[in-house]
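The values are calculated or read from the model by the stated rules, or taken from the named source; none is laboratory data. Since the structure is predicted, the reported quantities are computational estimates derived from the model, not experimental observations. No Cβ is skipped: glycine too gets one built from the backbone with ideal geometry, and neighbour counts run over all protein chains shown. The accessibility values were calculated without ligands, DNA or RNA, using every heavy atom of the protein model including side chains. Shrake-Rupley method; radii C 1.70, N 1.55, O 1.52, S 1.80 Å.
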Amino acid sequence: MDLLQAIEASALAMWIKESSTIYVAILASHTIGLAFLVGISSILAFRVLGVTESIPIDPFQEFFPLMYAGAAINVFTGVVLLGLYPADYLVDPTIYVKLAAILAAIVILRRLKDALYGVPHTTQVELSGKTRQMAVALLIVWLIATVAGRVMAYSTPTKLQTAAATVIFLAAGIGLIAMFGRRLRLLRDS
Amino acid sequence: MFGLPEDFLQSHLIEHWIGTYRWVWPVSEVFHFIGLILLVGTVAILDLRILGIGKRIPYSNLAPLMPWAVLGFILCVVTGLVFVTGLWANVQMLPMEALAIDRFLQLKFIFIGLAGINLLLFTYTPVARRIDVLAANEEAPASAKVMGAASLVLWVGIVYWGRLIPWGL
């Protein structure tokens, strides 16, 4: 605990906290990194699941550098943000849920990439049940990481209520997309 | 402000929900982020293709992404309206007051307006027709590249200013 308080009171941490411009710029950059990392990897998952089937899988890897840039921004800004208030963040179990979900997402993304691009192939990649399972798992762990990240500032009952409400609204949303998705062109005709 | 009543955009119903159910605000935040992820992810891919990344993909093959971008935008607008109309329940400030003093909120709306104008220019000029038929390995015209780059910069700006809104209140 003394170490955490020392990090929190370090000259660098104090400088960032006292400079509102730098602090908010780091916070905003964390959201931009998230949008690129989670956004592009989620679209890859959609493609694997057949939602956006017309996108050829092979050239899609050209978008990966932007995803990696998002990841790099988030690792850097995440470490800095954690270092500003470690005594608060590291005693909150939610941060461990978020970090575990991010770690799981990176592992799944790596395995999905190996499964899709690990062997030479043409633009018509054979998508197995396993790659589809990985795509679903990727979307679930990104959702967990996003929810955990958003609820960190709230009390435990509010966190649990938020998680439950998110699951309910999301299930309702998925149900509506399953019913009306073709009409709204969110899902392909098959 | 703008000759509108000071309680313009204020909703007592939304305020009541936010005050009564503690999860309404954070759930709206979660879905605002989901919308943002869908929107920025799809817009980035469409704009990058115009800029020459993922050039082996014919542009028309990316068309199924558009409805997901629209869904992301709708999620952001609906949850954004929850934040605005129910602002009083969270920070005891009227929406019009926030709009008048929060420079980050103002910048976000300016950037959204510019992104909208950019999209209209893209859609209602011959540029869109040339992009729709862009074949694999074909370069987009320079005018389209300028619009694609502007779109990417504006959406990053919208996310940036949006995240700063609480610090401008």
Residue in region A:95-103 that is under 27 Å from B:G168 (Cα atoms) and either within 15 Å of the chain's Cα centre (by Cα) or open to solvent by less than 50 Å² (accessible area, probe 1.4 Å) (or both) present: yes
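May I ask you to say which residue of A:L109, A:L84, A:L116 is over 18 Å from the mean Cα position of the chain (by Cα), crowded, with 21+ Cβ neighbours inside 10 Å and more than 11 Å from chain B (Cβ to nearest Cβ)?
Details: A:L109 fails: over 18 Å from the mean Cα position of the chain (by Cα); A:L84 fails: crowded, with 21+ Cβ neighbours inside 10 Å.
Within the list A:L109, A:L84, A:L116, the selection yields A:L116.
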Determine, yes or no, whether A:Q61 is open to solvent by 60 Å² or more (accessible area, probe 1.4 Å), within 22 Å of B:I45 (Cβ to Cβ) and of a type in the set (S, T, N, Q). yes
Among A:V167, A:V136, A:V79, which is the only one that is part of a helix (DSSP H, G or I) and touching a helix residue (DSSP H, G or I) at 6+ places or on another chain (Cβ under 8 Å)? A:V136
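May I ask you to list the residues in region B:64-85 that are β-branched (V, I, T) and farther than 27 Å from B:M96 by Cβ?
B:V70
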Checking B:S60 against (1) open to solvent by 50 Å² or more (accessible area, probe 1.4 Å); (2) assigned to a helix (DSSP H, G or I); (3) away from chain A (no Cβ under 11 Å), which single condition isn't satisfied? (3)
Of the residues that make up region B:64-72, is at least one in a helix (DSSP H, G or I) and touching a residue at least 40 places away in the same chain (Cβ under 8 Å)? no
Looking at B:L94, B:L121, can you tell me which residue is at pLDDT 90 or above and touching a Leu at 6+ places or on another chain (Cβ under 9 Å)? B:L94
Determine, yes or no, whether B:E97 is more than 9 Å from chain A (Cβ to nearest Cβ), part of a helix (DSSP H, G or I), open to solvent by less than 30 Å² (accessible area, probe 1.4 Å) and not hydroxyl-bearing (S, T, Y). no
Looking at (1) open to solvent by 60 Å² or more (accessible area, probe 1.4 Å); (2) in a helix (DSSP H, G or I), can you tell me which one A:Y154 breaks? (2)
Could you grab me the full set of residues in region B:107-118 that are touching a residue at least 24 places away in the same chain (Cβ under 8 Å) and either in a loop (DSSP other than H, G, I, E, B) or surrounded by fewer than 17 Cβ atoms within 10 Å (Cβ to Cβ) (or both)? B:L114
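Could you check, for region B:14-32, whether at least one of its residues is small (G, A, S), under 25 Å from B:K145 (Cα atoms) and more than 8 Å from chain A (Cβ to nearest Cβ)?
Checked region B:14-32: no residue is small (G, A, S), under 25 Å from B:K145 (Cα atoms) and more than 8 Å from chain A (Cβ to nearest Cβ).
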